[in-house]
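Here the structure comes first, spelled out in structure tokens, and everything after it is commentary.
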């Protein structure tokens, strides 16, 4: 059960009505039941594993806080969590949401070990923080200090409910009307074969994949934050319009913000960050990006993706960023070019396919014949509304407009219309799956 499903809409409506009328002492139990049930509907084994992690990490954090050397104890416990995650990835058995909630546990353990936060003595409140279902599948990775007050005393009021509904509807439409339509362009190319399309069509495919990946994940984040807001809980920002960035390093400060901050705070800075000379800084940056690639998957394509981005970040750190800051339009073109080409690693598997894809994008040996002359124009004509709509959603204006005019009566009517049109699309085409649920 994902947010983009009829089942979720019905179940959440029933769940949240009961949630709102219950007193807080009872509500916390209802929330925990709902979170475990949400995971179980997706996969019962994943729910059992997720529930098992809760008491283990609860007692590990409590033990670490009271140790003579709490930071060492917390690091050992965090290492056990990472070891389990590595086993999941190596064996190919990935419980639903494991990459996200294990990183949440690690952050909590280390913060407790540093005495940045006190361990949560109330087991139910801790479990609700760990398993909060709006972010359990695909993040964001919430720090305990960011979630504690809202989990203990959610702010349920008309303003939050309205704002949450606006965010959910925007993400709901973005997913079903835009992201899920662009997937058909990718499927057409897969059916034809990348070796049988033109170079311009290969670039259109790469750009579409990068756009779809953003829409897919941003739509989830909007729906997740909307659901949480309705329940009186604020989730941390996970995307800040990364396509407006002027460098690759800035792009990834705006993309999956909570993951990038996790790597920065718990690995990059403890390694020395940029404080130990240029050579050590270059090593730290490349190491972080290697780990980022491996977090996505233990395959050659993700490894190459992480390292290639690390190289660009290093080049920018060594001086190219100063050049970019002096320019205007060219930095944005540079960012789109780099992001599009590196995301090609996501779209392919294996060295042979990667070589074939990049050989089509950069035909050094000459343009090869295509199966369909004029293929790029054909697919632009077919998908232009979704491409333009998707590009507009990389800008802040749609979200600003929704939250500005959603409070007015005519804005509410338009949003209601968008919601029911999207429900019709969902009913007609079926439940939409999210790309990042695979990670």
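The values are calculated or read from the model by the stated rules, or taken from the named source; none is laboratory data. None of these values were measured; they are calculated from a predicted model. Cβ: placed from backbone, ideal geometry, glycine included. Neighbour counts: every protein chain shown.
Of the numbered criteria (1) within 25 Å of residue 208 (Cα to Cα); (2) out of contact with any helix residue (DSSP H, G or I) (no Cβ under 9 Å at 6 or more places or on another chain), the one residue 305 fails is (2). Return yes when residue 261 is surrounded by fewer than 19 Cβ atoms within 10 Å (Cβ to Cβ) and closer than 30 Å to residue 16 by Cβ and no when it is not. When the stated conditions are applied, residue 261 passes them. Does segment 112-129 contain at least one residue that is under 21 Å from residue 3 (Cα atoms) and crowded, with 16+ Cβ neighbours inside 10 Å? Yes, that holds for at least one residue. Within the set 61, 74, 47, 78, the sole residue that is touching a helix residue (DSSP H, G or I) at 6+ places or on another chain (Cβ under 6 Å), within 20 Å of residue 291 (Cα to Cα) and modelled with pLDDT of 90 or more turns out to be 78.
Output yes when any residue across segment 137-145 is part of a helix (DSSP H, G or I) and crowded, with 18+ Cβ neighbours inside 10 Å, and no when none is. For segment 137-145, residues part of a helix (DSSP H, G or I) and crowded, with 18+ Cβ neighbours inside 10 Å: present. The listed residues are 346, 383, 358, and the only one of them that is assigned by TED's automatic domain parsing to the domain that holds residue 210 and modelled with pLDDT under 85 turns out to be 346.
Residues that are within 25 Å of the chain's Cα centre (by Cα) and at pLDDT 90 or above within segment 186-201 are absent altogether.
Please pick out the residue among 394, 431, 341 that is part of a helix (DSSP H, G or I), assigned by TED's automatic domain parsing to the domain that holds residue 205 and closer than 23 Å to residue 182 by Cα. Break it down stepwise before answering.
On the way: 394 fails: part of a helix (DSSP H, G or I); 431 fails: part of a helix (DSSP H, G or I).
Only one candidate qualifies: 341.
In the set (1) surrounded by fewer than 19 Cβ atoms within 10 Å (Cβ to Cβ); (2) within 19 Å of the chain's Cα centre (by Cα); (3) not in a loop (DSSP other than H, G, I, E, B), the condition left unmet by residue 215 is number (1). Just checking, does segment 113-123 include any residue being in the same structural domain as residue 43 (by TED's automatic domain parsing), under 16 Å from residue 262 (Cβ atoms) and either touching a residue at least 60 places away in the same chain (Cβ under 8 Å) or assigned to a helix (DSSP H, G or I) (or both)? Yes, segment 113-123 contains a residue that is in the same structural domain as residue 43 (by TED's automatic domain parsing), under 16 Å from residue 262 (Cβ atoms) and either touching a residue at least 60 places away in the same chain (Cβ under 8 Å) or assigned to a helix (DSSP H, G or I) (or both).
Residues checked against (1) touching a helix residue (DSSP H, G or I) at 6+ places or on another chain (Cβ under 7 Å); (2) at negative phi:
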position: 217; (1), (2): yes, yes
position: 230; (1), (2): yes, yes
position: 241; (1), (2): yes, no
position: 250; (1), (2): no, yes
position: 254; (1), (2): yes, yes
position: 257; (1), (2): no, yes
position: 268; (1), (2): yes, yes
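Considering (1) farther than 25 Å from residue 122 by Cβ; (2) in contact with a helix residue (DSSP H, G or I) (Cβ under 9 Å, 6 or more places away or on another chain), the lone condition that residue 15 does not fulfil carries the number (1).
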